[in-house]
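Enquirer: Dropping the structure in here first, questions after.
What follows is calculated from the coordinates using simple rules that are stated; it is not laboratory data. Just so you know, these numbers come straight off a predicted model, no measurement behind them. Note that each Cβ is placed from the backbone with ideal geometry, even for glycine, and that neighbours are counted across all protein chains shown.
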Amino acid sequence: MADSTEERENDQPPVLDEASNGEDDDDVLDEDDEEDFGDGEEGPVVRADMDDLFRRISTNSVALRVHDVFIKGNTKTKESLIEYEIEALKNATTVQELLQAAAVANARLRRLGIFDSVNITLDAGPPELPGTANVVVEVVETKNPISGDFGVFSKPEARSWSLEGSLKLKNLFGFGDLWDGSLAYGWDQTSEVSAGVSLPRLRGLASPVLGRVSLLSKDWLNFSSYKERELGLSLGLLSSTNHDLAYNLTWRSLTDPLQIASRSIRRQLGHGLLSSLKYTFKIDQRNSPLRPTRGYAFVSTSQIGGLIPDYRSLRFLRQEFHLRYAFPLGFYNAAVNFGVSGGAIFPWGNGFLDMPSSMPERFFFSGNSSPVCNLGGPMTLLGFKPRGWGPTEPRRQIRENFDNESSDTYSSRDFLGGDLAFTGFADLSFDFPLRVLREAGIHGHFFACAGNLSKLTENAFRDFSFKKFLESSRSSAGFGIVVPTKLFRLEVNYCYILKQLEHDRGKTGVQFSFSSPL
């Protein structure tokens, strides 16, 4: 790589012999090795020169340019896809930049999900071209392009079960394309069928192409007296590490099969067209998405609905944010996590001050997911039932021909959700002293959380007061055990409701929570 010994010593990093098998220099250079140096002076001198070179690489820039990049192992994957992901390697001008670019390229190739392994090797360039290097990228394509998950999940607090399954087909056409289909069916008559495709890179396009078609059915009779049906199409317009822009077109239908819905629910029954543009900005610097012990994360989601000039088009502006911060305590792998989430929705158009917001787009709290790792999803308040509180309205009186069982199943009020929502939490996680539990990842935690919902539309904002909003908030505290598995993250929590309403104060219970797959 250099035309003289002096240039090689000044500009090139040393070549390390792999015979050491990763051992430290002090272990390899034992007493027998020192005898081979004769008087024992040459060994320490060579080691000092090596240390000096490593010190120079870590502190000073060493000029270097990439002569050529070789790609091996891609029997099905298009070479243009790999070249796009490793483009930064060709632009490196120093040893430090090349090492950093190699790490980034390796991570980007693995993120495609179509390779079992990725190895990037840096080698010397041609002898006649000093100061150059060759890069060898060797990939091993996944042996089984088909993968799937299947499971039965229980939510005891909501008295519901769900059957969920998904199937993925990887790299069908060699463009890194991922085809997936999913099916979910709940014993509470909630079901979803969807199919999607993801194309990480196409020639001439700097952003991945994402598309998804879904058929969704939701049963909210227990909480809000209506059923929801959706047929939707989602297109990803921009996707990067921190930015995501998507367009959604959905035909939605709300029905009241029991004829018991409150007045506010009845006003929104029928068909509607959702044409919206959704932008998400995300930063996640935490060391783990499921059990973070240090770092921070921030997600902001902005959505505008009503882009099609149709009288059935739902027109609204929706803003949501989530902030998380974690720091370690230095014992038993303990860490404290803080988090706040908030959001607001408001209609737009002629007479928007008198208009209600779209019911399915309002904020409802979930009580089943962990607020620690649930970033960008529904707002969570542990200890409370899903859609279990917030603004309510009396239902119609149940007809006499309904039996007693139906009367007991459905409450006398509909939960309407909120136009303004806010939650906050603090969580202390820690390892148990038992080694077998630590090795399995099972740990405990203490938590406290609070939140509130409020109505702003239909001129309700005129009577809004932050003081009343805080005074009417509700909170809970408790402790629990977290059990990570290959399919999901399970929490078993004991919750104690602290405030606010009298009939809830002091209420306790055991709660099961499920989070995203590992």
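Enquirer: So if we plug the beta-carbon distance of residue 468 and residue 393 into 1/(1 + (r/R0)^6) with R0 = 25 Å, what FRET efficiency do we get, rounded to 0.05?
Expert: Computed FRET efficiency for residue 468 and residue 393 comes out at 0.85.
Enquirer: Tell me, in nm to one decimal, what length is gained between residue 485 and residue 121 on full extension, where the rule is 0.36 nm per residue of separation less the Cα-Cα distance?
Expert: Roughly 127.6 nm would be gained on extension.
Enquirer: How far, in nm, would the chain grow between residue 72 and residue 336 when pulled straight, counting 0.36 nm per residue and subtracting the alpha carbon separation?
Expert: 90.5 nm
Enquirer: While we're looking at this one, here's another question. Report the Cα-based extents of region 195-288 along its three principal axes, largest first, to the nearest Å.
Expert: Per principal axis, max minus min of the Cα coordinates gives 53, 32, 20 Å.
Enquirer: Using a 10 Å cut-off on Cβ atoms, rank the peptides 469-481, 214-226 from the highest mean neighbour count down.
Expert: In descending order of packing, they fall as 214-226, 469-481.
Enquirer: Using a ≥ b ≥ c from the Cα gyration tensor of region 340-401 (square roots of the eigenvalues), is it rounded, prolate or oblate, where a/c under 1.5 gives rounded and otherwise the larger of a/b and b/c decides, a/b for prolate?
Expert: Because a/c hits 1.5 or more and a/b fails to exceed b/c, region 340-401 counts as oblate.
Enquirer: Testing the spin-label approximation: label points 7 Å from Cα along Cα→Cβ at residue 219 and residue 438. State their distance in nm.
Expert: 4.7
Enquirer: A further question follows. Cα centroid distance between region 233-268 and region 415-461, in Å?
Expert: 25
Enquirer: Holding the Cα-Cα limit at 32 Å, pick out from 385/486; 278/385; 143/218; 170/218; 218/467 the pairs that are longer than that.
Expert: Result: 143/218; 218/467 exceed 32 Å.
Enquirer: Could you work out the local net charge near residue 149, counting Lys and Arg as +1, Asp and Glu as -1, over the other residues with Cβ closer than 13 Å to its Cβ?
Expert: Result for the local shell: 0.
Enquirer: So how much slack lies between residue 111 and residue 354, counting 0.36 nm per residue of separation and subtracting their Cα-Cα distance, in nm?
Expert: Using 0.36 nm per residue and subtracting the Cα-Cα distance, I get 82.7 nm.
Enquirer: By the scheme Lys and Arg +1, Asp and Glu -1, what is the net charge of all other residues having a beta-carbon under 9 Å from that of residue 113?
Expert: Here the charged neighbours net out to +4.
Enquirer: Compute the FRET efficiency between residue 263 and residue 310 as 1/(1 + (r/R0)^6), taking r as their Cβ-Cβ distance and R0 = 25 Å, and round to the nearest 0.05.
Expert: For R0 = 25 Å, the calculated efficiency reads 0.50.
Enquirer: Separate question: Rounded to the nearest 0.05, what FRET efficiency do residue 294 and residue 494 have when you use their Cβ-Cβ distance and R0 = 30 Å?
Expert: Once the sixth-power term is evaluated, E becomes 0.65.
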